[in-house]
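Structure first, then comments.
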Protein chains: 2
Amino acid sequence: MSVDAGVTGLRALFHPRSIALVGATDKSGWSRGTYDNLRSHGFGGDVYLVTHRGGRVHGARAYSRLGDIPGPVDLAYVMVPPQAVLPVLREGADLGIQAYVVLTAGFAEIGGDGVRREKEIAEFALSRGLSILGPNGNGYINATVGIMPYGLPIPVPLLRGPVGVVLQSGALASAVLTFTQARNVGISLLASMGNESVVSVADVVEHLVDDPATKAIALFLESVRQPEKFARVARRALRAGKPIVALKVGRSDHARRTAEAHTGALTGNDAVSDAVFRQLGVVRVRSLEDLIITAALLAQGPLPDGLRGPRLGVVTPSGGASEIIADRAQDEGLRLPAFAPETAAALAGILPAFATVANPLDVTGYVLIDRTLLGRALEIVAADPGVDTVVLLSELPRAEPADPDAIRAVYAATSGRVAASPRPVVVVSNTLTDVTAYGREFQAATGYPCVTGGIEHGMHAIGAAVRWSQARRDALARAAAGEQEPGSPASGPGGSRPSRALRAGPVARVPAQPAGVWAEDRAAALLAARGVPVVPTRTAASPAAAVHAAEVLGYPVVLKAVSPGAAHKSDIGAVRLALPDAAAVRAAFQDVRAAARRATADPARVAGTADGQPRIIVQPYRTGGIELIAGVVRDPAWGLVLAVGLGGVWVEALGDTALRVLPTSADEIGRALGELRGAAVLRGGHGTEPADLGRVADVIARIADLAIKLGGRLESLEVNPLYVHGPQVEALDALITWRAQAPAGVV
Amino acid sequence: MSVDAGVTGLRALFHPRSIALVGATDKSGWSRGTYDNLRSHGFGGDVYLVTHRGGRVHGARAYSRLGDIPGPVDLAYVMVPPQAVLPVLREGADLGIQAYVVLTAGFAEIGGDGVRREKEIAEFALSRGLSILGPNGNGYINATVGIMPYGLPIPVPLLRGPVGVVLQSGALASAVLTFTQARNVGISLLASMGNESVVSVADVVEHLVDDPATKAIALFLESVRQPEKFARVARRALRAGKPIVALKVGRSDHARRTAEAHTGALTGNDAVSDAVFRQLGVVRVRSLEDLIITAALLAQGPLPDGLRGPRLGVVTPSGGASEIIADRAQDEGLRLPAFAPETAAALAGILPAFATVANPLDVTGYVLIDRTLLGRALEIVAADPGVDTVVLLSELPRAEPADPDAIRAVYAATSGRVAASPRPVVVVSNTLTDVTAYGREFQAATGYPCVTGGIEHGMHAIGAAVRWSQARRDALARAAAGEQEPGSPASGPGGSRPSRALRAGPVARVPAQPAGVWAEDRAAALLAARGVPVVPTRTAASPAAAVHAAEVLGYPVVLKAVSPGAAHKSDIGAVRLALPDAAAVRAAFQDVRAAARRATADPARVAGTADGQPRIIVQPYRTGGIELIAGVVRDPAWGLVLAVGLGGVWVEALGDTALRVLPTSADEIGRALGELRGAAVLRGGHGTEPADLGRVADVIARIADLAIKLGGRLESLEVNPLYVHGPQVEALDALITWRAQAPAGVV
């Protein structure tokens, strides 16, 4: 339903000079609240009230129609009943009003009539070039310029700052506002999206990427409604150095159900979301706390190019906190290198004799006697050449201390050291408690940096910042090398431009197919034709032919029935492994044929292909190596997704797979293999030969490439197992399934 | 170093009627702070200042010796230099003073002389029956009765309540006090342990188990210094229904190093700590936030017997929050069952038409119009028979609202519904923000329940409470059945009483052994003699003998060299698998013998046993089944620990093991197998036969039992692989290592 809302449209939406509240009434708390928010937060433009009765509302004059308003109107905030929304839009469009917030509920989220109504307003908006935020959304808060067409109470003081917030949930906006205030984190814009009938999350993110007041973007997502546009905007944000942090719900089955009830949106497969976000450099978090704390850290001044690497130098006044930090650093993949000799010597020179010089550093409780100790230690550690980022454990005072001037001087001195530090300094408090009103003033008075809220969330934020910085460097390197980005239209379910890969690929060579499953030998032949090594395979029509095949291939062998629909052959007893001799082959032939006949006689197991009767195939039995899986499936949101995993029967038991949205590169596939928990098995040891990982990645890249070239009707292409034994890489079994039609826009 | 401090001693320590501050001086902030804390928090008893100079200190009269004090002294708080501590103890003991807090540092934590000094005071304390908290500790805060011999500033107001806090870190005490205040969580006692030279964490926990003011216990641990006593006290706490929550650091290698520097304590293997805590019903958390939030939830009134089960009914005013809750519920193993039809009907009767009746429930933004909606929905959901616990998403006001009386009435009504609920109700806020001073008063005025801090930490706390409740039910059931508890002295490294298992076991049958490794065939023979099924094995002195053995056993076979010190035979090429015929066996015999000779020629690989020359053994080659590992090792803190895991070469790659401290039962071993990520493989499917799990657990129980019976010199006993194929369970390889001496106290 979404249409492309241009940046021009969003500028009008978020920077109106005058606003009309349409459907204003004293009876509605929303109406009163929105009016108050506009009036009390410094909006300098005109606010007009419109209600069909006219008269006075909220103590001010009300107009009975938009057309009666004497001056120009840039934004209409619409609170009329659902069936009256379209007439308001028509009137407004005729008057030249381009931007709307529609608070009214009763659209797609209720199904039936609501869906029709929403389609109507979206089509009307498209035809007239209108920007609409909503329907079923509370509006927005443009804190940068003090414009708040927003229906809910706004906690005071609203803090202006560098974090843009976009939420697919109205009720969470209040929680997020409260939390940002408690953290002393300022926001630039907060938008409550509603149903996204016209303006989507991707549109608002695009606006924020271009907004100079916004340094980082925090998203609460139920679903990504415009995957391709989102991917494009996210890639642009990454290149621009504007971090996106996302709390994407729907990790659980339950959340998926709830999200459907809530907005009518389909939540895609969660592991795919995870992989997509990672590929796009979007930092995914699981809590509202991490959402804001991580975005605030990434929005900080000292990190213009992100964090250089995972090596932390940690300065604390507490051994216990040092230990918690060390544990959390390991969780986050961060490192705590030993200090350089000159650092250690300098620290030894200032610390009391009973202190231990180590990273993380505990300057000890002596800091209570010499309050400058922490700051002086910070200065020394910040000079250590082996450290990428310095972490300082420090609390803001919560209330006026006994000696405020002395404490203020100590903090101001530390502020100076942080400003002068050759490396980014992240200040982290022990636990997540509010920055109190006193603390806020104290921080401003001493120029103290943003205090990240607690070790637990702070270390997560630092880990995320390091990962984001690496993703940005990788993306810039890829762009410099001219590599294609993942999530491009080559693999997308929608979109109109054919990609380079599609233009290059011989799609036409695959003949027209009915929907369904290809038998293994047919799939294997296609793979072999495209350069994927496949285990030698012979078809045998009789026991004698099977024995002959086995003798040519060499014992031990495997017998399988290949049969339309019998995707999981091992489930129906149609596979016999490790047959050592002719007698075993003859016996197995009878068994496998009988099992396959039983299976194909079961209509539930037969897909509707014209593939004919079961065939028996003979292959050498591979043993002593490692079995991988490499599969490509079409995700409804993100298109073709490659999954690699270890271990035949283990793959489902362990769920140990790594995903990549296509297209991807052999290098990236190598990194995916490295992410597997079982990656150590591939590297050899304990009697297994190390796999030739370059070769494995190359073969999987061919499989991925073939999947792209097979076109939009490909549902899935899976090699399982992909056998690896040292330098040998071989598909032992393959499965291709086709859908009846390609998704819209895919060739 | 620790000695057993009786409960009587700790009562004197924590409930003194008069206190002497020894080493008081105006020059020390610690001295001033401790004096102020005693004076300003309502301690009603006498406080005496002692300094060798006499005169006036902190504006009060100072005595030059303890003996000059006119009245009785129950507790001496000692701040003198390290070498003066023992003389103070001597003088005090002679005067009949039983209890001491020693603030002074410069003991075991600095090594060398400090270790000797600490030993002296511990021995003196033991000889005179003194209780000493410290040295190198800040003292304690007995909030229940207002006694605060504690050296650091105490945030105001200090909240009195049900959580006892024990910390192996002085500096973290301030962070914990601040956080408890921010959460509006009251404490009973906070003890800063210091070096635990006399009074240990286990002693203080024991005191808190008996303290009626304490309902839950929060621990910050670097190491458990008295494992057996800790285990005994933890079991008692579990039976008594007094939850223990522990933040145990040392999960990372770095933290282990830091903890050693900090206190001189060895941090044991972290996975073992994890298993021990789980077996003892100690809730382990990873952050200070979770420590306090979880302890506070478990200390709440509505949970006298814990939470009945994992089924939550969730009531919120927010779709977005519902989705986050659903995701987090899945992480925590909690369930969100569909509401009963009568619940759904009753909810439909009160909710607006556009609301969706589902669990988690979003009563929608209509709550802003009808403020009673949330409370009425809560009442309905609390009556649902399919729900164990109700979660209510709700915020306390942070500042006075526009209509305080109306809001107060709404909250008071909800308080009434919570009190009347037939199931426990846990109130959770959206994010972790402070309960403000206004919120604290509001909560007291409306009788509102404790608000758990944020969905992220709140769902963790609920999950922990459900797991703790289950652990408690299990422990009570085991006690009723007379089962032996894990961590009993049977397996402990210390302790003096022989256990039932040891009394029953034929330890003496194992002949005296030098330290080192037993060859596989010798270990296998011992296992077989104790009822563990072992793969048939034949020794072969020549190629011809090997072929004969293979023919008797049946092809394919395995050839191995068994050789002293060649523990990882596959690493030295001394194993040949899947030999199909006589020619292969003959060739393999030469290879294996040569490899074994090379290995035994390498002194680094040869342990000092009198085991003789390498031998070649022949075994049938097992294939098509599943390989497990079952190993018992001696942990320095907790004694014998059983590890079970899946998968031959996979075990190290995946780290997929489950641990149990011995003794344990076959039932418990079955549960451990069920915890493995790869457990699904054991249950069969995709061509693998389901394992007979009862049989597997029984065989592993025999291995565990044998390990116990082998006595204190056993270092490790490992079966790897333990082959499982349907009903067949067989040890394919075994390894036993011996240490030179049993740990102190172990037979």
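The values are calculated or read from the model by the stated rules, or taken from the named source; none is laboratory data. This structure is a prediction, so every number in the text was calculated from the model and none was measured. FYI the Cβ positions are ideal-geometry reconstructions off the backbone, even for glycines, and counts take in every protein chain you see. For accessibility, only protein heavy atoms count, side chains too; no ligands or nucleic acids. Shrake-Rupley method; radii C 1.70, N 1.55, O 1.52, S 1.80 Å.
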Could you give the dipole magnitude of the stretch A:395-457 about its Cα centre, charging the beta-carbon of Lys and Arg +1 and that of Asp and Glu -1, in debye to the nearest 20? 280 debye
Expressed as an acute angle from 0 to 90° and rounded to the nearest 10, what is the orientation of the C-alpha long axis of helix A:171-182 relative to the principal long axis of chain A? 60 degrees
Two decimals is fine: what is log10 I(q)/I(0) at q = 0.14, 0.17 Å⁻¹ for the stretch B:400-465, from a Debye sum with one equal scatterer on every Cα and no solvent? -0.46, -0.67
Can you give the charge dipole size of the stretch A:332-394 about its Cα centre, rounded to the nearest 20 debye, using +1 on the beta carbon of Lys and Arg and -1 on the beta carbon of Asp and Glu? 140 debye
Got a sec? What order do A:TYR438, A:TYR555, B:TYR448 fall in by accessible area at 1.4 Å, biggest, i.e. largest, first? A:TYR555, A:TYR438, B:TYR448
Taking the DSSP beta bridges in chain B as the whole, what percent of them are antiparallel, to the nearest 5? 50 percent
On Cα atoms only, tilt of A:341-350 relative to the major axis of chain A in degrees: 30 degrees
Would you work out which of A:THR294, A:GLY320, A:PRO310 lies farthest towards the positive end of the dipole of the stretch A:284-336? Charges go on Cβ: Lys and Arg +1, Asp and Glu -1. A:PRO310
Between the helical axis of B:270-280 and the dominant principal axis of chain B, each derived from Cα atoms, what acute angle in degrees is found, rounded to the nearest 10? 70 degrees
With a 1.4 Å probe and all protein chains in place, put A:TYR35, B:TYR621 in order of accessible area, largest first. B:TYR621, A:TYR35
Would you mind working out the accessible area per residue for the protein assembly as shown, using a 1.4 Å probe, and quoting it in Å²? 36 Å²
Amide hydrogen neighbours beyond the local backbone of A:LEU49, cut-off 5 Å, H modeled: A:LEU21, A:TYR63
Please work out how much accessible surface B:GLU379 shows to a 1.4 Å probe, ignoring ligands, DNA and RNA, in Å² rounded to 10. 110 Å²
How many Å² of accessible surface get buried when A and B come together, counting both sides, probe radius 1.4 Å, rounded to the nearest 100? 6600 Å²
Between copies, how far apart are the B:ALA399 label points? List them in nm, one decimal, shortest first, with each point 7 Å from Cα toward Cβ, please? 1.8
Between the alpha-carbon centers of the stretch B:357-399 and the stretch B:282-354, tell me the distance in whole angstrom. 11 Å
Can you give the percent of C-alpha pairs in the protein assembly as shown whose distance is more than 58 Å? 28 percent
Treating the point 7 Å from Cα along Cα-beta-carbon as the label, what are the nm separations from B:ASP113 to the other copies, to one decimal? 9.0
Positive-end residue, chain B charge dipole about Cα centroid, Cβ charges, pick of B:THR25, B:VAL224, B:THR539: B:THR539
DSSP bridge pairs, the protein assembly as shown: antiparallel proportion in percent, nearest 5: 50 percent
Starting from 0.36 nm per residue, how many nanometres of slack lie between B:SER127 and B:ALA84 once their C-alpha separation is accounted for? 13.6 nm
Using +1 on the beta carbon of Lys and Arg, -1 on that of Asp and Glu, and nothing else charged, what's the dipole of chain A about the Cα centre, debye to 20? 1580 debye
Shortest first, in nm, what separates the label point of B:GLU483 from those of the same position in the other copies (7 Å along Cα→Cβ)? 5.3
Taking the Cβ-Cβ separation of B:GLU91 and A:GLU400 as r and a Förster radius of 60 Å, what is the calculated FRET efficiency to the nearest 0.05? 0.90
Kirkwood calc, chain B, C-alpha pairs only, radius in angstrom 29.4 Å
Which value, in Å² and to the nearest 10, is the accessible area of A:ARG440 when all protein chains are kept and the probe is 1.4 Å? 50 Å²
A:GLN590-A:ARG530 pseudo-label distance in nm [points 7 Å out on the Cα-to-Cβ vector]: 4.1 nm
With a 1.4 Å probe and all protein chains kept in place, how much accessible area does B:THR343 have, in Å² rounded to the nearest 10? 10 Å²
Sorted by chain and number, the residues with a modelled amide H under 5 Å from that of B:VAL435, at a separation of 5 or more or across chains, are B:ARG183, B:ASN184
The FRET efficiency for B:ASP68 and A:ILE407, from their Cβ-Cβ distance with R0 = 35 Å and rounded to 0.05, is 0.35
Along Cα→Cβ, 7 Å out, is where each label goes; now give me the distance between the ones at A:LEU368 and A:ALA60 in nm to one decimal. 5.6 nm
Pick out, from B:ALA271, A:GLY453, A:THR34, the residue whose Cα sits farthest towards the positive end of the charge dipole of the protein assembly as shown, with +1 on the Cβ of Lys and Arg and -1 on the Cβ of Asp and Glu. B:ALA271
Once A:LYS119, A:LYS229 are ranked on solvent-accessible area with the largest value leading and a 1.4 Å probe, the list reads A:LYS119, A:LYS229
